[in-house]
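The values are calculated or read from the model by the stated rules, or taken from the named source; none is laboratory data. These numbers come from a predicted model, not from an experiment. In this analysis, Cβ positions are derived from the backbone assuming ideal geometry, glycine residues included, and neighbour counts consider all displayed protein chains. Side chains included, ligands, DNA and RNA excluded: accessible areas come from the protein's heavy atoms. Shrake-Rupley method; radii C 1.70, N 1.55, O 1.52, S 1.80 Å.
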Amino acid sequence: MSPLCSTVDVTLDPDTAHPRLTLSAEGKRVRRGATRQDLPDNPERFDSCRCVLGREGFTSGRRYWQVQVGGNTVWRLGVSRESAPRKGRFSMTPQKGYWAVRWSGGEFTARTAPRTPLPLSLKPQKLGVYLDYEEGQLSFYNVESRSHIYTFTDMEFNPREKLYPLFCTGDSDTDLVLESPDPDPVSAAN
């Protein structure tokens, strides 16, 4: 990892969380809840996709965070443009302001248009996410094997527009857990 990279201790933003998601009090765990909560339908909140954003948005620099996915059976992780849609049904692709990888039904993909299949052998228990804002790149790593999974390049967004960590899950049994990043995970993977 570059010495100019900052590890980020991400917390979840409850104001963006889909009403079916249950967040832990400290904002470090999320899972699909048993029932839909009665929450205000504010403009920031997802109302169709079961997603939540991180509180921290980034407009510069190199950032790295980690998520324990464990046995979670349906998840999508990445980043979202601040201006990306959050209401109604839409395809979560770079064209809509979302850069993410997804695990669902035994299928591992990068959410490009069309989707990019990823080798099942790369599916992590712990996923590292590395954002290089200036270079317009977002990379994913398997933390345990310290191996590269996928990189989005030439990300298109307005300069100074915030990018937010994105977390989506359809699993009601296993949390996605935001963890304090391991030191120097990216350089070991290169």
**Request:** Post the alpha-carbon centroid distance, region 45-79 to region 123-144, in whole angstrom.
**Result:** 11 Å
**Request:** Rank Ser139, Ser80, Ser121 by mean-square fluctuation in a GNM of the chain with C-alpha springs under 10 angstrom and give only the top-ranked residue.
**Result:** Ser121
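Between Ser48 and Arg29, what is 0.36 nm times their sequence separation minus the Cα-Cα distance? Round to one decimal in nm.
Numbers: separation 19, 0.36 × 19 = 6.84 nm, distance 1.99 nm.
So the extension gain works out to 4.8 nm.
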**Item:** Projected-area mean, region 1-100, by convex hull of Cα positions, square nanometres
**Value:** 7.4 nm²
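Only sites in a loop by DSSP and with at most 16 other Cβ atoms within 10 Å count here; which chymotrypsin sites (Phe, Trp or Tyr not before Pro) in region 43-91 make the cut? List each step's numbers first, then the result.
On the way: sites: Phe46, Phe58, Tyr64, Trp65, Trp75, Phe90; in loops: Phe46, Phe90.
Sites meeting the loop and neighbour criteria: Phe90.
Could you sort out which of Lys96/Lys162; Lys28/Lys96; Lys28/Lys126 sit more than 20 Å apart by Cα distance in this structure?
Details: Lys96/Lys162 15 Å; Lys28/Lys96 26 Å; Lys28/Lys126 14 Å.
In this structure, Lys28/Lys96 exceed 20 Å between Cα atoms.
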**Message:** Taking 25 Å as R0, compute the FRET efficiency from the Cβ-Cβ separation of Thr151 and Thr73 and round it to 0.05.
**Reply:** 0.50
**Fill in**
Row for the chain, column shape: gyration tensor on C-alpha, a ≥ b ≥ c, rounded if a/c < 1.5 i.e. under 1.5, prolate if a/b over b/c, else oblate; value rounded
**Request:** Using 0.36 nm per residue of separation minus the Cα-Cα distance, give me the extension gain between Thr93 and Ala113 in nm, one decimal.
**Result:** 6.6 nm
**Prompt:** Under unit Cβ charges (Lys, Arg +1; Asp, Glu -1), what dipole magnitude, rounded to 20 debye, does region 1-89 have relative to its Cα centre?
**Reply:** 400 debye
**Prompt:** Want the number for Gln137 to Ser60: 0.36 nm per residue separation, take away the alpha-carbon distance, what's left?
**Reply:** 26.5 nm
**Asked** Where the accessible area of the chain is counted over protein heavy atoms with a 1.4 Å probe, how much of it, in %, is carbon and sulfur?
**Response** 46 percent
**Asked** Along the charge dipole of the chain, which of Thr153, Phe90, Trp103 sits closest to the positive end, that is, farthest toward it, with unit charges on the beta carbon of Lys, Arg, Asp and Glu (+1, +1, -1, -1)?
**Response** Phe90
